[in-house]
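Just so it is clear, none of the values below were taken in a lab; they were calculated from the coordinates. Computed from a prediction, not measured in an experiment: that's the story for all the values here. Reconstructed Cβ throughout: ideal geometry from the backbone, glycine too, with neighbour counts over all protein chains shown.
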Amino acid sequence: MEEMEVKRKALELAREIAERIRHGEFPEIEYPPNSQKNILFDENIGYIFSPKTYSKIRGSRVKSLKTLAGVLYGLSRALDHLENGLTMTKRDFYYVHKVERLKGTLFPEDQRETDARIVLMELILGMPREAFSITSDPRGWIYGDIELIDRSGRVLRADQVGEMGYSVPPRPENIKFKRIGVKAVVAIEKVGPAKNMIELGIPEERKIAIAILQGQASRSMRRFLRMLSDEGVPIAILTDLSPWSLRIAATVIYNSINSAHIPYLASPEARFIGILTKDVEEGFFRDYQFALEPLTPADLKAAQDNQFLPNLQNEFWQRENRWFLEKKKKAEIEIFKAMSPTAKKLKELFVEYLREKLDEHLGISI
């Protein structure tokens, strides 16, 4: 159904432009930009795309005419892929423009040009790029007792399809959950600590799932976590204690400014469980401050910028962020290794930390 809707909208747009040209008029495309004026923020919902202003791509201007032609060309290539069951990455989309006949017209200077065109196509159609065959980064895995039915119709269990679990696909909307046998999902920023928890058997023993974010959560992972949250599964977020990691956690909970026009990427019921500043100052890691790392200049700049991000204005986020500006330090999840002389001790520490945090922030006993 979605494929038909994409095709309908794209062809309708092309027909409108062709009709105006036939009548000797300059073609135009109106769309709502993802500008600050069109984006609201609500602590209980996250970023909200609420168009109040609209922009026009006017065929009467040389620069705008190139943009208009680029949109039509991009949609034609996307529809060709869609109709033939193919997908393309943003890098693929860049290369479909690097052809001889487009030199001097739509031949891009770099990928930023075609990436911006993809966002423009999303705004014009009012649909995410995945709907018209341009896939998001499928980065991320989920490991745990979750049975699901994927697009092929196969029944899979997320702790029995590889040592890191189920690789979340670009279009998780195609997934249906058959059975969820976990008390909570712990979304972890880094691969190493998450994989250690899996290797130590913690998901099976404690009836939790581990979501491996692999840095900033991809759009597909954020959508997948939202789907689990909508099924009533509590979501906990475990990251480094760093300015960047605050953004990672906040993006899972609230979505991001850049993706505000894409719905259902926020999980406002999710909870950030750590690493928190109080863990370092007076809690779990208070005796291991020697293992903290200094902020890099880029880290410090991120902390300064965090002061003004809409999704970090709550006093909790601001208090966490002030710690970076004052202490100029950060803690990484790997600090558990500094505390663990043996694998057995590492497991005990992981379990103790998760037990304490899941109870405190989500009221869940493991």
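Hand me the list of helices (runs of 4 or more DSSP H) wholly inside the stretch 269-366 holding 1 or more residues that are under 24 Å from the mean Cα position of the chain (by Cα) and either more than 24 Å from Arg226 (Cα to Cα) or polar (S, T, N, Q) (or both). Walk me through how you get there before you give the answer.
Numbers: elements: 277-281, 297-306, 315-327, 335-338, 343-362.
In the stretch 269-366, the matching helices (runs of 4 or more DSSP H) lie at 297-306, 315-327.
Among the candidates Glu19, Glu83, Glu25, single out the residue that is in contact with a Gly (Cβ under 9 Å, 6 or more places away or on another chain) and on the phi < 0 side of the Ramachandran plot. Walk me through how you get there before you give the answer.
Working: Glu19 fails: in contact with a Gly (Cβ under 9 Å, 6 or more places away or on another chain); Glu83 fails: in contact with a Gly (Cβ under 9 Å, 6 or more places away or on another chain).
Just a single option satisfies the conditions, and that option is Glu25.
If we scan the stretch 144-151, do we find a residue that is over 23 Å from Ile248 (Cα atoms), out of contact with any Lys or Arg (no Cβ under 8 Å at 6 or more places or on another chain) and not in a strand (DSSP E or B)? Write out each step before concluding.
Step one: list which residues in the stretch 144-151 are over 23 Å from Ile248 (Cα atoms), which gives 145-151.
The next check asks that each one be out of contact with any Lys or Arg (no Cβ under 8 Å at 6 or more places or on another chain); those that pass are 150.
Checking which are not in a strand (DSSP E or B) leaves us with 150.
Yes, that holds for at least one residue.
Condition first: in contact with a helix residue (DSSP H, G or I) (Cβ under 9 Å, 6 or more places away or on another chain) and surrounded by fewer than 19 Cβ atoms within 10 Å (Cβ to Cβ). Now tell me which residues in the stretch 279-292 satisfy that. Give the steps one after another, and end with the answer.
Taking the stretch 279-292 as the starting set, the residues that turn out to be in contact with a helix residue (DSSP H, G or I) (Cβ under 9 Å, 6 or more places away or on another chain) are 279-281, 283-286, 288-292.
Scanning the stretch 279-292 gives Glu281, Gly283, Arg286, Tyr288, Gln289, Phe290, Ala291, Leu292.
Provide a single number: the residues in the stretch 73-105 that are in a loop (DSSP other than H, G, I, E, B), in contact (Cβ under 8 Å) with a residue 40 or more places away in the chain and in contact with a helix residue (DSSP H, G or I) (Cβ under 7 Å, 6 or more places away or on another chain). Steps first, answer last, please.
Taking the stretch 73-105 as the starting set, the residues that turn out to be in a loop (DSSP other than H, G, I, E, B) are 84-87, 89, 96-99, 103-105.
Next cut, in contact (Cβ under 8 Å) with a residue 40 or more places away in the chain only: 86-87, 89.
Next cut, in contact with a helix residue (DSSP H, G or I) (Cβ under 7 Å, 6 or more places away or on another chain) only: 87.
Residues flagged as in a loop (DSSP other than H, G, I, E, B), in contact (Cβ under 8 Å) with a residue 40 or more places away in the chain and in contact with a helix residue (DSSP H, G or I) (Cβ under 7 Å, 6 or more places away or on another chain) within the stretch 73-105 amount to 1.
Look through the stretch 106-122, keep the residues that are buried (at least 18 other Cβ atoms within 10 Å of the Cβ) and in contact (Cβ under 8 Å) with a residue 60 or more places away in the chain, and return whichever of them is nearest to Ile262 (Cα to Cα).
Glu122
Just checking: which of the strands (runs of 3 or more DSSP E) contained wholly in the stretch 173-235 hold 3 or more residues that are among the charged types (D, E, K, R)? Explain how you work it out, then say what you get.
On the way: elements: 176-180, 184-188, 208-212.
Strands (runs of 3 or more DSSP E) meeting the threshold: 176-180.
Here is a yes/no grid of residues against (1) surrounded by 14 or more Cβ atoms within 10 Å (Cβ to Cβ); (2) over 14 Å from Trp244 (Cβ atoms); (3) among the polar types (S, T, N, Q):
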position: Asn314; (1), (2), (3): no, yes, yes
position: Asn321; (1), (2), (3): yes, no, yes
position: Ala331; (1), (2), (3): yes, no, no
position: Glu334; (1), (2), (3): yes, yes, no
position: Ser340; (1), (2), (3): yes, yes, yes
position: Lys344; (1), (2), (3): no, yes, no
